[in-house]
Amino acid sequence: MSEPLMATYHRLPVTFARGEGIWLWDTEGRRYLDALAGVAVCGLGHAHPAVTAAVCEQAGQLLHTSNLYRIAEQERLAALLTQASGMERAFFANSGAEANEAAIKLARLYAHRRGIENPGILVAEHSFHGRTLATLSATGNRKVQAGFEPLVQGFVRVPYDDLEAIETAAANRSNIVAVLIEPLQGEGGIRLPAADYLPRLRALCDRHQWLLMLDEVQTGMGRTGRLFAFEHTGIQPDVLTLAKGLGNGLPIGACLARGPAAELFTPGSHGSTFGGNPLVCRVARAVIETIQAERLAENAATQGHYLLDSLRTALAQFPGVVEIRGRGLMVGIELDRPCGALVQEALAAGLLINVTAERVIRLLPPLIITRDQVDLLVGALAELIRGFLAQEDTELRPKQSGAAL
Ligand SMILES: *Cc1c(COP(=O)(O)O)cnc(C)c1O
């Protein structure tokens, strides 16, 4: 065997050669509707002219200098992001996991500053925070952790959307210093908490002087119909992490903070060689400016409503569909059975989707999607789900009758 790549991924048997808007073309020239956007990364779609221009202009000027020097593009992006989010200061990393690592390190510094030597960070069941050792330890999915023990200490797990569990954890321990949580869970199966969950969690954090650290790596950058998902709730986090949609395909992560959390890092306490280099920061600025100029968060809200309504209408008669839920263009269709096989069937039909938490079809289309394209997506997907459920039912029947014979 001369397989040159490590076997970290289950890859589908397709290679894409180019993209435009919500469309991708494979190396055979076949076209696909991309309802996943590289897992919530390409919010502006593929080959958006503003992104292409930013990449080309900056690549022709300067790619990298290191953080030993001032970086004008990094300062501009920090100003734009903090202004848009109500946060105060930014640290730039290269991925979602790294953005969360920075948040976790902030929580640890915050604790030690207050004389708490063995701090705990509350994290949720079914959460996903990344694949580095600290972030997989924070993640609420055993599959992500198995084989990598010993895990990083200091995470206290509670059920998602359950404030009583958090109250209990607080009553039993004096070492909690922060909560790290997704405003709605992505990998965990597009789970939305009750409308008052985040406001009440905010109040609890204030009462206990905990940092409220929101992982918006997937929900941020317009995905849920607002630039940041926390804007739906009227609260403000102390720490906010971003990545996926921030660079539209260039690797960049950000950890934003305000209040005491914004003052904790000092020279030498954290850093990254590539973090915040001129290229990624120039492109991320173009992404934000385009989201604002083209009102793409508003489009995500409008098309997201239409997508949910259309799916509910189209799938209403299917008994195998348990629930259709989501916010903006982050939508899950939960079936009553594992449906990973649907991904390959959709691919064969020219549609890119994802299945998470085994039974939840996940849609994360580009924020630029139009109403007509939503119609195309729903038409194709309803047909696939109908076929999938029917085929499973007929596969079951002969087996049962065979056993009877
Ligand atoms: C994808 C994701 C991460 C990890 O991001 P990477 O860039 O893959 O490290 C962290 N948190 C959430 C909520 C995510 O969806």
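Roughly how many whole Å is it from the C-alpha centroid of region 51-69 to that of region 300-324?
42 Å
Solvent-accessible area of Cys255, probe 1.4 Å, all protein chains present, reported in Å² to the nearest ten, please.
Counting only protein heavy atoms, Cys255 exposes about 10 Å² to solvent.
Roughly how big is region 311-401's charge dipole about its Cα centre, with Cβ charges of +1 (Lys, Arg) and -1 (Asp, Glu), in debye to the nearest 20?
180 debye
If you put +1 on each Lys and Arg Cβ and -1 on each Asp and Glu Cβ, how big is the dipole of the chain around its Cα centre, in Debye rounded to 20? Could the numbers behind the result be given before it?
Working: 37 positive and 42 negative charges, 104 e Å.
Rounded to the nearest 20 debye, it is 500 debye.
Loop only by DSSP, 15 or fewer other Cβ within 10 Å of the Cβ. Give me the trypsin sites (Lys or Arg not before Pro) in region 1-43 that pass, ordered by residue number. Could you put the intermediate results ahead of the total?
On the way: sites: Arg11, Arg18, Arg30, Arg31; in loops: Arg11, Arg30.
Within region 1-43, the qualifying trypsin sites (Lys or Arg not before Pro) (loop, at most 15 other Cβ atoms within 10 Å) are Arg11, Arg30.
Report in % the part of the accessible area of region 50-293 that belongs to carbon and sulfur, leaving out ligands and nucleic acids; probe 1.4 Å.
Details: 5160 of 10030 Å².
So the carbon and sulfur contribution to the accessible surface is 51 percent.
Looking at region 86-175, which trypsin sites (Lys or Arg not before Pro) are in a loop (DSSP not H, G, I, E or B) and have at most 15 other Cβ atoms within 10 Å?
On the way: sites: Arg89, Lys105, Arg108, Arg113, Arg114, Arg131, Arg142, Lys143, Arg157, Arg173; in loops: Arg114, Arg131, Arg173.
Counting only loop positions with at most 15 other Cβ atoms within 10 Å, the trypsin sites (Lys or Arg not before Pro) in region 86-175 are Arg114, Arg131, Arg173.
Given the whole protein assembly as supplied and a 1.4 Å probe, what does the accessible area of Tyr160 come to in Å², nearest 10?
So the heavy atoms of Tyr160 present about 30 Å² to solvent.
For the chain, what is the mean residue ellipticity at 222 nm derived from helices alone (per DSSP H run of n ≥ 4: -39500 (n - 2.57); sum divided by total residues; nearest 500 deg cm²/dmol)?
Details: 12 runs with 158 residues, N = 405.
Calculated from helices alone, the mean residue ellipticity at 222 nm is -12500 deg cm²/dmol.
Using +1 at the Cβ of each Lys and Arg and -1 at the Cβ of each Asp and Glu in the chain, identify which of Ala382, Thr82, Leu351 lies farthest towards the dipole's positive end.
Thr82
So who's got an amide H within less than 5 Å of the one on Glu323, skipping anything under 5 residues away but keeping other chains? H placed 1.01 Å off N, in plane.
Amide H neighbours of Glu323: Glu334.
In degrees, nearest 10, range 0 to 90: what is the angle between the Cα axis of helix 49-61 and the longest Cα principal axis of the chain?
The two axes meet at around 50 degrees.
With every protein chain kept in place and ligands, DNA and RNA left out, what is the accessible area per residue of the chain? Probe 1.4 Å, answer in Å². Display every interim value, and only then the final one.
Values: 18610 Å² over 405 residues.
Averaged over the residues of the chain, the accessible area is 46 Å².
How many angstrom lie between the C-alpha centres of region 203-224 and region 362-377?
Each part reduced to its Cα centre gives a spacing of 27 Å.
Loop-only check: which GluC sites (Glu not before Pro) in region 96-136 are DSSP coil with at most 10 other Cβ within 10 angstrom? Write out the running numbers ahead of the final one.
On the way: sites: Glu98, Glu101, Glu117, Glu125; in loops: Glu117, Glu125.
Sparse-neighbourhood loop GluC sites (Glu not before Pro): Glu117.
If the chain between Phe148 and Gln317 were fully stretched, how many nm would it gain, using 0.36 nm times the residue separation less the Cα-Cα distance?
Numbers: separation 169, 0.36 × 169 = 60.84 nm, distance 4.39 nm.
In short, 56.4 nm is gained.
Taking amide H positions as placed 1.01 Å from N in the peptide plane, with prolines and chain starts having none, which residues 5 or more places from Leu122, or on another chain, fall under 5 Å of its amide H?
Here the answer is Val156, Val177, Ala178, Val179, Leu180, since their amide H atoms fall under 5 Å of that of Leu122.
Evaluate 2.2 N^0.38 Å with N set to the residue count of the chain, then give the Cα radius of gyration divided by it. Let's see the in-between values first.
Working: Rg = 21.9 Å, N = 405, 2.2 N^0.38 = 21.5 Å.
Ratio of Rg to 2.2 N^0.38 Å for the chain: 1.02.
At 0.36 nm per residue, minus the direct Cα-Cα distance, what do Thr273 and Arg371 gain on full extension? Give it in nm, one decimal, please.
On the way: separation 98, 0.36 × 98 = 35.28 nm, distance 4.23 nm.
So the chain would gain 31.1 nm between Thr273 and Arg371.
The values are calculated or read from the model by the stated rules, or taken from the named source; none is laboratory data. Model, not experiment: these values are computed from the prediction. Cβ: placed from backbone, ideal geometry, glycine included. Neighbour counts: every protein chain shown. Note: accessible area is taken over every heavy atom of the protein model, side chains too, but ligands, DNA and RNA are not part of it. Shrake-Rupley method; radii C 1.70, N 1.55, O 1.52, S 1.80 Å.
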